[in-house]
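Visitor: I'd like to ask you about the structure that follows.
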Amino acid sequence: MAVIFAVVGGAVVIGLCSDSDHSDYSDYSNYDNYSNYSDAAERRERRLRAKQEETESARQKVNEYKSDSVNPCLTLKSLIMEPGESVEVPSVQRNGNEKITDEERKKIDAETADMKKEVNEIDQVISKIDKLLEEKP
Amino acid sequence: MMPAYFTKKEIETLNHFCGADLSSRLQGARRNLDSSMVRIVNTGMVSSGKSSLYNILTDSVAEERFPTGAARTTTSADSYVYNSIEFIDTPGIDVRDADDALSFQTITQSDIILMVHNIKTGPLTRRESDWLKTLSDSMGSPEIRQKRLIFICTWKDTREMEEGYEDILNEVKSMVYGIVGTEIPFFDVSVKKYINGINKKKDILCQKSGIPALSAFINEKGAEYSAVKRVYAYDNFQRVAAEARSILYSIRRDLYDNTQRKRNSVEQSYRSRRNAWSNIFNVFKAYRESFDRLKEELRHI
């Protein structure tokens, strides 16, 4: 009797296990589910490709803009050589500002040099006159 | 060799900004402080009788210490010390610019100026009037002009017999007064008559020549001026120095203002450049942020 129960119980267990495995295989073998999985992968692939294209376009845009419009405003060769996608942005800003400040200073110096020279010459003569006035004979 | 109080460069600056006349006056006024001797300088047109007059005033007719002649004989400022006064003879004006410059420079270093006019030519010419005005203006107050300027008409013998001689003299006097702005010592003399008087031993001729009166006046004036020379010379130097300083400061102010204006104009033009750069940079920064964001998104897909 005990042997019968054991055999039947074992068969039930096996049967249960067999039933569960079958169910899983059944899912995978379901045509619709497989199609869903494939769409998602494809969508992901498409999304990836689209993002890659978008990123590539943004990369080209930033590099071209850096090369065409930003580089003429810079002086440091290392910053000019570095592409827009990787150059250090604060350094670009700093160098652009410095270039303008330097050029402005040079322009002011050049345009006021003659006048400054004349002011110095005048100061020298005024000092000499003052000195001679102090030397009362 | 006269000491140079200003360097070549400083003199160039003075000439450029204050004009050659003021520059010359300033240098002369300073040099004049070095000498305690009274310096009397003559000035006037060519052949007005300046050198002849000086030969008499310095008792040097025989040796003709100051060369004379009808043409331009005095080409440099010759000087001779007589009775503790330094007499300086200058070239005639209005012939060469270099002579005029030398005369003016010599005058600026002197104490008393004898402006000599040939009365044979009538009233003062335009050039003489301008010259006298330049000299007078360089002296400051009317009191100083009275002390430093003496006007002498020479060649009196050529016109004194004319009926209108006194009128001519008065006209010249009036012109001088108008130019100088005050009455200054005025003499009319004849060198020729004085020499005749000496040669003929006729004192009356000498007296009538006007030379003895002029000579006595100059000697007296020289002695009088000698006592105050230092004060006057220093006052003169101070006055000329103040004039030069005032001009230099005024030009300096203008130059400074122009420099500021120029600076502002450049700064203004660079403000637009800064704005342009700021726009370029902001666009670049936006592109770069967009690219960085996309890169990040790509990493997470």
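Visitor: Based on this model, can you work out whether B:Ala216 counts as modelled with pLDDT of 90 or more, open to solvent by less than 70 Å² (accessible area, probe 1.4 Å) and in contact with a helix residue (DSSP H, G or I) (Cβ under 9 Å, 6 or more places away or on another chain)? Lay out the reasoning, then the answer.
Guide: On the way: modelled with pLDDT of 90 or more: yes; open to solvent by less than 70 Å² (accessible area, probe 1.4 Å): yes; in contact with a helix residue (DSSP H, G or I) (Cβ under 9 Å, 6 or more places away or on another chain): no.
For B:Ala216, the condition - modelled with pLDDT of 90 or more, open to solvent by less than 70 Å² (accessible area, probe 1.4 Å) and in contact with a helix residue (DSSP H, G or I) (Cβ under 9 Å, 6 or more places away or on another chain) - is not met.
Residues checked against (1) at pLDDT 95 or above; (2) of a type in the set (S, T, N, Q):
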residue: A:Ser38; (1), (2): no, yes
residue: A:Leu48; (1), (2): no, no
residue: A:Val62; (1), (2): yes, no
residue: A:Ile80; (1), (2): yes, no
residue: A:Ser91; (1), (2): yes, yes
residue: A:Glu103; (1), (2): yes, no
residue: A:Glu118; (1), (2): yes, no
residue: A:Glu121; (1), (2): yes, no
residue: A:Lys136; (1), (2): no, no
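Visitor: Still on this model: For region B:136-148, check the following and say yes or no: at least one residue is farther than 25 Å from B:Phe87 by Cα and either β-branched (Val, Ile, Thr) or open to solvent by less than 80 Å² (accessible area, probe 1.4 Å) (or both). It would help to see each step written out before you state the result.
Guide: Step one: of region B:136-148, the residues farther than 25 Å from B:Phe87 by Cα are none.
No, the conditions are met nowhere in region B:136-148.
Visitor: Pick from region B:1-60 the residues that are surrounded by 23 or more Cβ atoms within 10 Å (Cβ to Cβ) and among the charged types (D, E, K, R): which of them is nearest to the other protein chains (Cβ to nearest Cβ)?
Guide: My answer is B:Arg30.
Visitor: Also, quick follow-up: Among the residues of region B:192-211, count how many are of a type in the set (A, V, I, L, M) and either touching a Gly at 6+ places or on another chain (Cβ under 9 Å) or in a loop (DSSP other than H, G, I, E, B) (or both). I'd like the intermediate steps shown before the answer.
Guide: At the first step, the residues of region B:192-211 found to be of a type in the set (A, V, I, L, M) are B:195, B:198, B:204-205, B:211.
Cutting the leftovers down to either touching a Gly at 6+ places or on another chain (Cβ under 9 Å) or in a loop (DSSP other than H, G, I, E, B) (or both) gives us B:204-205, B:211.
Of the residues in that region, 3 qualify.
Visitor: List the helices (runs of 4 or more DSSP H) that sit entirely inside region A:28-137 and contain at least 2 residues that are at the interface with chain B (Cβ under 7 Å from one of its Cβ atoms) and of a type in the set (Asp, Glu). So that I can check it myself, show each step before the final result.
Guide: Numbers: elements: A:31-65, A:77-81, A:89-134.
Helices (runs of 4 or more DSSP H) meeting the threshold: A:89-134.
Visitor: In region B:268-301, which residue that is under 60 Å from the mean Cα position of the chain (by Cα) and at the interface with chain A (Cβ under 7 Å from one of its Cβ atoms) is nearest to A:Asp114 (Cα to Cα)?
Guide: Applying the filter and picking the extreme gives B:Tyr270.
Visitor: Oh, and also: Tell me yes or no: at least one residue of region B:95-109 is over 17 Å from B:Leu149 (Cα atoms) and either in contact with a Gly (Cβ under 8 Å, 6 or more places away or on another chain) or modelled with pLDDT of 85 or more (or both).
Guide: First, the residues of region B:95-109 that are over 17 Å from B:Leu149 (Cα atoms): B:95-102.
Okay, now just the ones that are also either in contact with a Gly (Cβ under 8 Å, 6 or more places away or on another chain) or modelled with pLDDT of 85 or more (or both), so B:99.
The answer is yes; a qualifying residue exists.
Visitor: Among the residues of region B:16-30, is any farther than 21 Å from B:Gly140 by Cα and either modelled with pLDDT under 90 or of a type outside the set (S, T, N, Q) (or both)?
Guide: Here is the first cut: in region B:16-30, the residues farther than 21 Å from B:Gly140 by Cα are B:16.
Next cut, either modelled with pLDDT under 90 or of a type outside the set (S, T, N, Q) (or both) only: B:16.
Within region B:16-30, one or more residues are farther than 21 Å from B:Gly140 by Cα and either modelled with pLDDT under 90 or of a type outside the set (S, T, N, Q) (or both).
Visitor: What pairs come out if I take residues in region B:29-55 that are on the phi > 0 side of the Ramachandran plot and pair them with residues that are in a strand (DSSP E or B) and among the hydroxyl-bearing types (Ser, Thr, Tyr) whose C-beta lies under 7 Å away, six or more apart or interchain?
Guide: B:Gly49/B:Thr154
The values are calculated or read from the model by the stated rules, or taken from the named source; none is laboratory data. Note that the structure is a prediction, hence the values are computed from the model and not measured. Using ideal geometry, Cβ is built from the backbone for each residue, glycine included, and neighbour counts are taken over all protein chains shown. We work out accessible area using only protein heavy atoms, side chains counted, and drop any ligands, DNA or RNA first. Shrake-Rupley method; radii C 1.70, N 1.55, O 1.52, S 1.80 Å.
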